[in-house]
Amino acid sequence: MEIISPDALALVRFGLRAADDPRVLDTIKVIDALLKRDLPGGPAWCRYNGDGYGEHEDDSPFDGTGRGRPWPLLTGERAHYELAGGDRKEAERLADAIGNFANGTGLLPEQVWDGEELPERELWVGGPTGSAMPLVWAHAEFLKLGRSLADGTIFDLPPQTVARYLR
């Protein structure tokens, strides 16, 4: 099986490929077709096809197998890509989506529920799963995105790789 992952967008984030590189644009089409989930609060992406880390369909806990769910931090990574490509409005929309995935106290989960709603288990489409919460990695991505949006560019883009690979 071939593995598809949003990790490919790191090539843009770290200055190794331009956001409009045809290989990147083609990869995004495949990523979105396989991994994007449109949820009430906005889109989120799964880590990779065939991911088995997450609760089962009935919300029984991960027991070494399960079904991977969308990760809010990947929405932040996608927002950084959109900003790198010059689509600030889309980056801002995705930043709003991350906030929509938080619980009532503002904590971001590792994964959000994309299965059938299970009210008896307090699982709502686009809401937190039983995964880690808060996930500091997701909060860090959200904060980095806020900084990048304030700067109007990816603030932690390494200038050395940009100089070598993009100029």
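Bear in mind that the values in this text are calculations on the coordinates, not laboratory data. All values reported here derive from a predicted model rather than from experimental measurement. Here Cβ is always computed from backbone atoms with ideal geometry, including for glycine, and neighbour counts include all displayed protein chains.
Computed values, structure above
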quantity	calculated
Cβ-defined net charge surrounding Tyr53, 12 Å radius [Lys, Arg +1; Asp, Glu -1]	-1
Under 14 Å, Cβ to Cβ, from Phe14 - net charge with Lys/Arg +1 and Asp/Glu -1	0
Charged-residue dipole, Cβ positions (Lys, Arg, Asp, Glu), the chain about Cα centre, Debye nearest 20	920 debye
Full-extension gain in nm, Leu118 to Asp58, via 0.36 nm per residue minus C-alpha separation	20.8 nm
